[in-house]
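Chemist: After the structure tokens below, expect a handful of questions from me.
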Amino acid sequence: MNKFKDKKEEGGIQIGTSSLVVIFVILALTVFAVLSLTGVLADDRLSDRAAEWTTAYYEADSKAEDMLKDINQAIDAQKSGVAGSTEDIDSKLNDITGGGYDSQKGRISFRLPINEKVVLGVELELLDTPKDGKYYRILKWQEVFVGEYEIDDDMPVWDGTFE
Amino acid sequence: MNTSRASKSQIFLLEFVFVVLFFAICTTVCVMAFVKSDRLSNENAAKNEAIVRVESAAEVVKACAEGADPMKSAGLALEKELGAVDEGLVEAGKPGSPAALYSLFYNEDFAQVSDASDAAYTLQVFMQTAGDMLSAEVSMGESTKEKPLFALDVKKYVPLAGSGGEHE
Amino acid sequence: MKTDTNRGKYIGLMFALLLFLTLAVCALFTVLIGAQIYENINDRMEGNYQGQTALTYISNKVRQADTADAVFVKSQDGTDILCMKENLDGQEYITMVYYRDGYISELFTDEYSGLGIGDGMEVIEAGGLDFSKEDDLLKIHLTTTEGKEEDLILSLRSEGGAYEY
């Protein structure tokens with residue numbers, strides 16, 4: 001009996017208390033460290049995607065500027081009599097824009113890919129007399145989403161009719 | 001009895017030694033993770049700032065490069081809108097084809113500074129014309145490092161430039 | 001003898017207790033410092049996210065709407081509003097982006113619906129948002145909830161003169 005009593009009164013600090021304290025502290029520190037790392041890595045991925053997106057947009061933008069140059073030079077050559085007939089210029093413009101020339105409306109439109117789901121859509125209105133050396137006016141220079149929409153119809157939405 | 005008490009103390013102290021050793025190792029690993037997180041977080045903030053500022057400079061070039069001397073008109077716009085500094089004509093990659101260089105300087109908090117010696121980050125707009133096409137490379141990076149944080153290549157078709165015009 | 005034994009016992013006890021308290025205090029400070037570091041990193045990440053996401057959202061909205069004379073800025077009750085017109089199935093609609101009550105909000109409606117800036121949808125939290133337009137340059141000034149200021153300039157590629165559908 002006395003032996004047990006002595007053992008209970010021994011030290012005041014039980015063996016294992018310091019281990020428990022340190023285990024809880026390490027657990028807390030590990031949770032904070034893991035949360036910080038995962039959050040920052042997600043932030044890093046977001047920054048990389050923003051950079052990739054911006055770079056892709058400007059690549060498409062530069063290609064569009066090249067096409068504007070080809071279009072303007074083709075029209076300029078035709079106006080100054082260097083190029084061939086009207087049919088030749090129509091065909092040339094369609095070649096440059098991939099069939100985007102509408103001779104009746106006097107408009108050219110073409111699309112350049114930015115990524116798998118988004119394209120840069122450009123529409124030009126052709127001018128008879130050049131303005132600042134250009135035979136066109138830019139009507140549209142837009143990002144257009146061409147990916148597939150996944151329509152979620154799990155929830156019944158009111159279609160406007162009363163039954 | 002005394003032997004029992006002494007062995008209890010010994011066990012406690014031995015346990016304490018192992019606990020402190022384990023605590024030191026784990027804390028070192030956690031501190032390394034914190035330091036890496038902090039460094040990455042700072043790099044992300046710098047990269048985001050670079051993306052926004054490079055894009056703004058590129059957009060100014062796109063909007064304002066026009067006329068017979070598009071480099072000059074774009075340069076004036078960069079000076080007016082962003083406070084860029086004209087570094088003058090520089091030798092470009094193509095012989096006989098001068099290029100214009102404009103710079104902006106930022107301190108560590110991305111506040112604009114006028115002096116390159118105080119700059120932690122530098123944004124550069126390097127413009128060249130090839131006939132009627134203006135091309136510009138806009139990049140931003142740390143002043144002490146070669147590799148930029150972010151860079152963009154911009155082009156603009158300027159038909160009047162093909163007919164001549166010099167950058168002063 | 002018994003007194004010496006008792007004194008020895010108490011000294012041993014005090015020593016062990018002191019060691020344990022030292023460990024406990026060090027552990028406590030380590031956890032507090034770790035928590036503070038995590039909070040600082042989190043605040044910085046939050047600021048990054050807010051600034052980047054808001055500006056990316058606005059720039060993509062503008063680029064999706066860049067048609068002749070479709071993008072303009074107006075002011076209503078001291079609030080700058082970025083307006084973007086579009087034509088859908090022959091009907092003209094307008095998207096308005098503005099700052100109100102701590103949030104960047106968006107309202108998509110037709111021009112004569114009677115809806116105003118109080119009816120918009122909250123998109124992202126912010127401290128302030130100002131717009132200005134000079135010729136083809138659209139300037140966006142964003143303030144995050146942390147007080148950090150960001151400026152973005154966008155160029156409208158489409159040229160003036162109404163777009164005829």
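Where a number appears in this text, it was derived from the coordinates with a stated rule and is not lab data. This is a predicted model, so every value here is computed, not measured. Don't worry about glycine lacking a Cβ; one is built from the backbone with ideal geometry, like all the others, and counts go over all protein chains shown.
Chemist: In debye, nearest 20, what is the charge dipole magnitude of the stretch C:11-79 about its Cα centre with +1 on Lys and Arg Cβ and -1 on Asp and Glu Cβ, if you could check?
Modeler: Dipole size: approximately 100 debye.
Chemist: Taking each residue in A:126-132, count the Cβ atoms of any other chain within 10 Å of its Cβ, then average. What number comes out?
Modeler: 1
Chemist: Find which of A:MET67, A:PHE145, A:GLY160 sits farthest along the positive direction of the dipole of the protein assembly as shown, computed with +1 on the beta-carbon of Lys and Arg, -1 on that of Asp and Glu, about the Cα centre.
Modeler: Farthest towards the positive pole: A:PHE145.
Chemist: Sum up the charges of everything whose Cβ sits under 11 Å from the Cβ of C:HIS141, counting Lys and Arg as +1 and Asp and Glu as -1, but leave C:HIS141 out.
Modeler: Cβ neighbours under 11 Å give a net charge of -4.
Chemist: A 18 angstrom limit on the alpha carbon distance is what I want to check against. Which of A:LYS92/A:LYS131; B:LYS62/C:LYS133; C:LYS74/C:LYS133; A:LYS117/B:LYS155; A:LYS134/B:LYS62 exceed it? It would help to have the intermediate numbers written out before the result.
Modeler: Details: A:LYS92/A:LYS131 22 Å; B:LYS62/C:LYS133 15 Å; C:LYS74/C:LYS133 9 Å; A:LYS117/B:LYS155 24 Å; A:LYS134/B:LYS62 16 Å.
Where the Cα-Cα span goes over 18 Å, the pairs concerned are A:LYS92/A:LYS131; A:LYS117/B:LYS155.
Chemist: Suppose every K and R has +1 on its Cβ and every D and E has -1 on its Cβ; what is the size of the dipole of chain B about the Cα centre, in Debye to the nearest 20? Could the numbers behind the result be given before it?
Modeler: Working: 14 positive and 24 negative charges, 244 e Å.
In total the dipole reaches around 1180 debye.
Chemist: Next question, about the same structure. State which entries of A:LYS69/C:LYS61; B:LYS80/C:LYS61; A:LYS105/B:LYS72 exceed 32 angstrom in Cα-Cα distance in the structure shown.
Modeler: A:LYS105/B:LYS72
Chemist: Over all pairs of distinct alpha carbons, what does the Kirkwood formula give as the hydrodynamic radius of the stretch C:68-165, in Å?
Modeler: It is 14.4 Å.
Chemist: Using just the Cα positions, wrap chain C in a convex hull and report its mean projected area in square nanometres, one decimal place.
Modeler: Orientation-averaged projected area of the Cα hull: 15.1 nm².
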